[in-house]
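Asker: Before anything else, here's the structure in question.
The values are calculated or read from the model by the stated rules, or taken from the named source; none is laboratory data. On a predicted model such as this, the values are computed, not experimentally measured, just so you know. Every residue, glycine as well, gets a Cβ built from its backbone with ideal geometry; the counts of neighbours run over all protein chains shown.
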Amino acid sequence: MMKKYLLLFCSVLMVSTLVSCDTSNFGNISQHIGTAMTVADATSKAARPISEEEEYYVGRAVAAKILGSYQLSTDAVLTRYVNLVGKTVALNSDKPFTHGGYHFAILETNEINAFAAPGGTIFITHGMIRTTASEDELAAVIAHEVAHIAKRDGISAIKSARWTQAVTLIGTTAAKNYTSGEVSQLVGLFEGSIDDIFKTLVVNGYSRSQEYAADEGALQTLAKCGYDPRALPSFLKRLEQRGRSSGGGIMQTHPGTADRIENISGKMPSTAQIHPRATEARMARFSGAVR
């Protein structure tokens with residue numbers, strides 16, 4: 001599966017690079033620019049950001065790597081419910097649409113965690129879902145992960161030197177067949193990029209500033225959805241009470257929970273009073289799906 005995404009990614013990367021640097025409309029002018037133009041083209045190709053289509057294929061490969069470490073849940077009822085809540089949250093986020101759309105899946109593990117692969121694939125562990133006490137808290141967890149996607153935090157984990165090298169290699173070999181050495185180099189660069197993101201999601205975690213920004217973005221998204229933004233600090237406090245007894249997961253890959261609670265203290269968005277019947281309806285849905 002990784003090789004499949006490699007081929008797709010390289011094809012998209014090649015097209016994007018050629019389009020971004022097309023000088024055909026300038027006639028013979030480029031012939032008089034010479035070496036200076038060649039250097040400028042190479043620099044612009046290497047410096048351009050990753051497109052949303054490229055991010056989509058990178059994200060699919062990251063998702064495949066995550067599924068190599070975790071088993072996907074077969075609970076159809078819970079999966080449909082999580083997707084219902086997830087898509088409601090995503091549509092009210094700063095980035096309601098991605099190139100491939102948002103997809104939500106459950107990992108069958110007691111570990112308490114959630115992962116946002118670039119492009120819109122979000123995994124939530126069964127342990128995480130069981131730790132939430134309401135639909136509002138579940139929405140808060142999802143809103144936090146959606147914020148990471150909206151801010152492209154996952155894709156930013158790719159080392160800039162690795163991306164520059166990949167784009168430069170594509171640009172310099174677009175007009176000829178790749179040698180076996182160049183193919184091997186591209187495979188290594190692609191797999192290295194996936195590892196960069198995987199290590200950030202599963203091992204090292206995002207930076208403190210990225211986590212704070214995701215929490216703050218989640219508060220605003222929850223308010224737009226009609227969920228109670230106070231569900232986020234409520235859930236974080238429960239995590240804090242658990243300490244590291246949960247066996248890692250979100251306690252390992254995120255900054256200190258107490259720091260996160262302090263950061264969003266006083267930043268609650270103003271919302272209209274939530275009707276008790278709406279709260280009851282959400283709790284009924286939650287209780288029916290989270291068994």
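Asker: How many residues, within segment 201-219, are within 15 Å of S156 (Cβ to Cβ) and buried (at least 21 other Cβ atoms within 10 Å of the Cβ)?
Answerer: Of the residues in segment 201-219, 4 are within 15 Å of S156 (Cβ to Cβ) and buried (at least 21 other Cβ atoms within 10 Å of the Cβ).
Asker: How many residues, within segment 99-115, are at pLDDT 95 or above and within 13 Å of H148 (Cβ to Cβ)?
Answerer: 1
Asker: Of all the residues that make up segment 96-114, how many are surrounded by fewer than 17 Cβ atoms within 10 Å (Cβ to Cβ) and either under 15 Å from the mean Cα position of the chain (by Cα) or not in a loop (DSSP other than H, G, I, E, B) (or both)?
Answerer: The total comes to 5.
Asker: Here is a further query. Name, by its number, the condition in (1) among the hydrophobic types (A, V, I, L, M, F, W, C); (2) under 23 Å from S156 (Cα atoms); (3) assigned by TED's automatic domain parsing to the domain that holds V89 that does not hold for I197.
Answerer: Among (1) among the hydrophobic types (A, V, I, L, M, F, W, C); (2) under 23 Å from S156 (Cα atoms); (3) assigned by TED's automatic domain parsing to the domain that holds V89, I197 violates only (3).
Asker: Of these, Y57, Y102, which one is among the hydroxyl-bearing types (S, T, Y), in contact with a Lys or Arg (Cβ under 9 Å, 6 or more places away or on another chain) and on the phi < 0 side of the Ramachandran plot?
Answerer: Y102
Asker: I'm trying to understand the selection: among the residues of segment 125-157, which are within 19 Å of T279 (Cα to Cα) and assigned to a helix (DSSP H, G or I)?
Answerer: Listed by number, the residues that qualify are I129, R130, T131, E135, D136, E137, L138, A139, A140, V141, I142, A143.
Asker: Would you please name the residue that is modelled with the highest pLDDT, looking only at residues in segment 238-287 that are surrounded by fewer than 11 Cβ atoms within 10 Å (Cβ to Cβ) and assigned to a helix (DSSP H, G or I)? I'd like the intermediate steps shown before the answer.
Answerer: Going through segment 238-287, the residues surrounded by fewer than 11 Cβ atoms within 10 Å (Cβ to Cβ) turn out to be 241, 243-245, 265-266, 270, 272-273, 275-277, 280.
Subset that is assigned to a helix (DSSP H, G or I): 241, 243-245, 276-277, 280.
Details: Q241: 84, G243: 69, R244: 50, S245: 41, P276: 78, R277: 84, E280: 90.
The residue in question is E280.
Asker: With the condition kept exactly as written, say whether any residue in segment 57-68 is at pLDDT 90 or above, in a loop (DSSP other than H, G, I, E, B) and within 24 Å of the chain's Cα centre (by Cα).
Answerer: Yes: segment 57-68 contains one or more residues that are at pLDDT 90 or above, in a loop (DSSP other than H, G, I, E, B) and within 24 Å of the chain's Cα centre (by Cα).
Asker: Right, another one. Checking T125 against (1) of a type in the set (S, T, Y); (2) surrounded by fewer than 20 Cβ atoms within 10 Å (Cβ to Cβ); (3) touching an Asp or Glu at 6+ places or on another chain (Cβ under 7 Å), which single condition isn't satisfied?
Answerer: (2)
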